[in-house]
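A short write-up of the structure that comes next.
The values are calculated or read from the model by the stated rules, or taken from the named source; none is laboratory data. Just so we're clear, the structure is a prediction, and the values are computed from it rather than from any experiment. Glycine also receives a Cβ, built like all others from the backbone with ideal geometry; neighbour counts cover every protein chain displayed.
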Amino acid sequence: MLKTIFIAIFIILLGVTGYVYWYYYNPYSDGYREGVLQKFSRKGNVFKTYEGEMIQLGFGQRGAAINSQYYFFSVSDEQLADSLEHCLGKIVKLHYTQYRRSLPWRGENYDKTNADKGQYMVDGIAEVRNASY
């Protein structure tokens, strides 16, 4: 009887651990996004995080906003956040990691505003150029 209870508790703990890892810590995707950095701020009630908003340029357009879409992201590294604050109004190419679900200390959840669901964490700047409108 005791062995059965131990095995049941172990299986439940293993299932909960697997669920938490899969949805909150295992990256769903990573890649690069490019666009004009429009907004960058530090906000939050309990957990202060850096949040950014980028306009991705639309269908074959460079410098025009036809068919453009917004891309919302979070940044956890303070040095990267300081660098991004100096890139406002410029075209930036950012490296991101997308997670399936969000954690409050990792940033905002933009499931309703981004085209793809999940939490986007930017972890690097690949390129910065001046915007030529």
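Details
- Among the residues of segment 93-116, those identified as among the charged types (D, E, K, R), more than 19 Å from L57 (Cβ to Cβ) and touching a residue at least 12 places away in the same chain (Cβ under 8 Å) are R100, R101, R106, E108.
The rows are residues; the columns are (1) of a type outside the set (A, V, I, L, M, F, W, C); (2) under 12 Å from M54 (Cβ atoms); (3) under 10 Å from the mean Cα position of the chain (by Cα); (4) surrounded by fewer than 16 Cβ atoms within 10 Å (Cβ to Cβ).
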| residue | (1), (2), (3), (4) |
| --- | --- |
| Q69 | yes, yes, no, yes |
| A81 | no, no, no, no |
| L84 | no, yes, no, no |
| E108 | yes, no, yes, no |
| A115 | no, no, no, yes |
| M121 | no, no, yes, no |
| R129 | yes, no, no, yes |
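- Selected residue (criterion: modelled with the highest pLDDT) from residues of segment 44-66 that are part of a loop (DSSP other than H, G, I, E, B) and touching a Phe, Trp or Tyr at 6+ places or on another chain (Cβ under 7 Å): F47
- All conditions in (1) in contact with a Cys (Cβ under 6 Å, 6 or more places away or on another chain); (2) at pLDDT below 90 hold for Q69, with the sole exception of (1).
- Close contacts from segment 1-27, counting a first residue that is at negative phi and a second that is of a type in the set (A, V, I, L, M) and not in a helix (DSSP H, G or I), with Cβ to Cβ under 9 Å and a gap of 6+ residues or different chains, come to Y24/L103; Y25/L103; P27/M121.
- Residue ID - surrounded by the fewest Cβ atoms within 10 Å (Cβ to Cβ), chosen from residues in segment 15-37 that are closer than 19 Å to S83 by Cα and touching a Gly at 6+ places or on another chain (Cβ under 8 Å): V36
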